[in-house]
Amino acid sequence: MARHGGRGWNSKLIGAALGVTLLAVGASAWTAQAGTAAPKAAAPVAQKVKPVGITIAHASDAGARGVNITIDDGPDPNWTPQVLDLLREYGVKATFCMVGTQAQAHPDLVKKVVAAGHRLCDHTVSHDTSMDKKSEAYQSQQILDAERMIIEASGGVRPMYYRAPGGAFTPYSRKLAASHGMRPLGWNVDTKDFERPGADAIVATVERELHEGPTILFHDAGGERSQTVEALRRILPELKQQGYVFGFPVR
C-alpha cells in the first residue's frame with residue numbers, strides 16, 4: 001500500500017504479534033507444568049521455489065487491455081469475505097497482499113482466497129513503511145517471517161509476489177524476495193481508499209488514472225472498508241463493459 005500515517009496500523013499489528021507471542025509462551029509454560037511435550041504440528045509442504053525477476057512488476061499477464069486488481073493489508077474477517085463475494089460475482093481474479101500477522105490470525109480466509117483462484121503476495125509482518133531505512137537483517141525478518149506465516153496459513157501455497165509497505169523497496173529486499181520466488185510488485189493506480197474519500201472518489205481515481213498502467217491498489221483491512229467494497233461493486237462491471245480483461249501481475 002502507499003505510504004501514509006495516522007491509522008495506527010503498525011501499532012495494531014505489533015500488538016497482535018505480541019499477543020500471539022504471549023499466547024505461545026503461556027502454552028509452553030502450561031505444557032512444561034503438565035510434564036508433557038507439546039506435539040509438533042506437521043509443516044505444510046511448500047511448492048518448489050523458482051527465482052523470479054528482481055525488477056518491480058507493474059504489467060499485466062492479460063496483455064494490453066489487462067487490469068490487475070490487488071488487495072492489501074488483509075485478510076480481515078469482515079471485509080475480505082465481502083471482497084471475495086464481489087470478485088466471484090464478476091468472475092475476477094485478484095492478488096491479495098497479506099500482512100503476516102493477519103494471515104496467521106485468519107488462516108481460514110487465506111485458504112478461501114487460494115481456493116477461489118486468487119494469488120498471494122507477501123506484505124511483510126508488521127507493515128513498516130520505513131523498512132527501507134532499516135537494516136538488511138530487519139528487512140529479511142519482515143519478509144521471510146511473513147512468507148512463512150502465509151505459507152503455513154494457506155496450507156503450503158507460497159506467495160508469488162512481494163509488495164513493500166508504502167513502496168519501501170530496497171535493492172536488497174527485491175533481491176531477497178525474488179530469490180524466494182516472489183516478484184517485487186508495485187502499482188500504477190493508488191485509489192487511496194485507506195483515506196476513505198468516498199466510493200465516488202475511489203471510482204473516479206481509477207477512471208482517471210488507469211491509463212498510467214494496469215495495476216490497481218485497493219485495501220481489505222487496516223480500517224473500515226465499506227467504501228472500497230462499494231467502489232469495487234461499481235468499477236469491476238464498468239471495466240468489463242469497457243473491454244478490459246482481468247489478469248495477474250507479470251512474474
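See the values below:
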{"item": "Subset of region 183-201 [open to solvent by less than 30 Å² (accessible area, probe 1.4 Å), farther than 19 Å from I56 by Cα and charged (D, E, K, R)]", "result": "D193"}
{"item": "Qualifying residues in region 110-133 (those that are of a type in the set (A, V, I, L, M) and within 12 Å of the chain's Cα centre (by Cα)) - the one surrounded by the most Cβ atoms within 10 Å (Cβ to Cβ)", "result": "V113"}
{"item": "Residues (in contact with a Leu (Cβ under 8 Å, 6 or more places away or on another chain), buried (at least 22 other Cβ atoms within 10 Å of the Cβ) and in a helix (DSSP H, G or I)) located in region 207-251", "result": "L232"}
{"item": "Selection count, region 54-72, where residues are assigned to a loop (DSSP other than H, G, I, E, B) and closer than 22 Å to G181 by Cβ", "result": "7"}
{"item": "Hits in region 155-182 - residues which are under 16 Å from Q139 (Cα atoms), open to solvent by 10 Å² or more (accessible area, probe 1.4 Å) and among the charged types (D, E, K, R)", "result": "R174, K175"}
{"item": "Enumeration of residues in region 64-82 that are over 13 Å from the mean Cα position of the chain (by Cα) and either farther than 18 Å from A231 by Cα or crowded, with 24+ Cβ neighbours inside 10 Å (or both)", "result": "A64, R65, G66, V67, N68, P77"}
{"item": "Exclusive hit being of a type in the set (D, E) and within 14 Å of D73 (Cα to Cα), set D200, D108, D132, D128", "result": "D128"}
{"item": "In region 48-102, the residues that are touching a strand residue (DSSP E or B) at 6+ places or on another chain (Cβ under 8 Å) and basic (K, R)", "result": "R65, K93"}
{"item": "Hey, A204 in a helix (DSSP H, G or I), small (G, A, S) and surrounded by fewer than 23 Cβ atoms within 10 Å (Cβ to Cβ) or not", "result": "yes"}
{"item": "Residue satisfying condition, being among the acidic types (D, E) and within 18 Å of V83 (Cβ to Cβ), within set D145, D200, D220", "result": "D220"}
{"item": "Contacts under 7 angstrom Cβ, first residue in region 177-196 being under 10 Å from H219 (Cα atoms), partner of a type in the set (D, E, K, R) and modelled with pLDDT under 95, 6 or more apart", "result": "F194/R7"}
{"item": "Pair list, Cβ < 8 Å and 6+ apart or interchain, from region 137-162 residues that are among the charged types (D, E, K, R) to residues that are in a helix (DSSP H, G or I) and open to solvent by less than 30 Å² (accessible area, probe 1.4 Å)", "result": "D145/G100; E147/G100; R148/G100; R158/E147; R158/I150; R158/I151"}
{"item": "Residue in region 184-202 that is touching a Pro at 6+ places or on another chain (Cβ under 8 Å) and of a type outside the set (G, A, S) present", "result": "yes"}
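The values are calculated or read from the model by the stated rules, or taken from the named source; none is laboratory data. These figures come from a predicted structure and were not determined experimentally. Heads up, the Cβs are rebuilt from the backbone with ideal geometry, glycines too, and the neighbour counts pull from every protein chain shown. Side chains included, ligands, DNA and RNA excluded: accessible areas come from the protein's heavy atoms. Shrake-Rupley method; radii C 1.70, N 1.55, O 1.52, S 1.80 Å.
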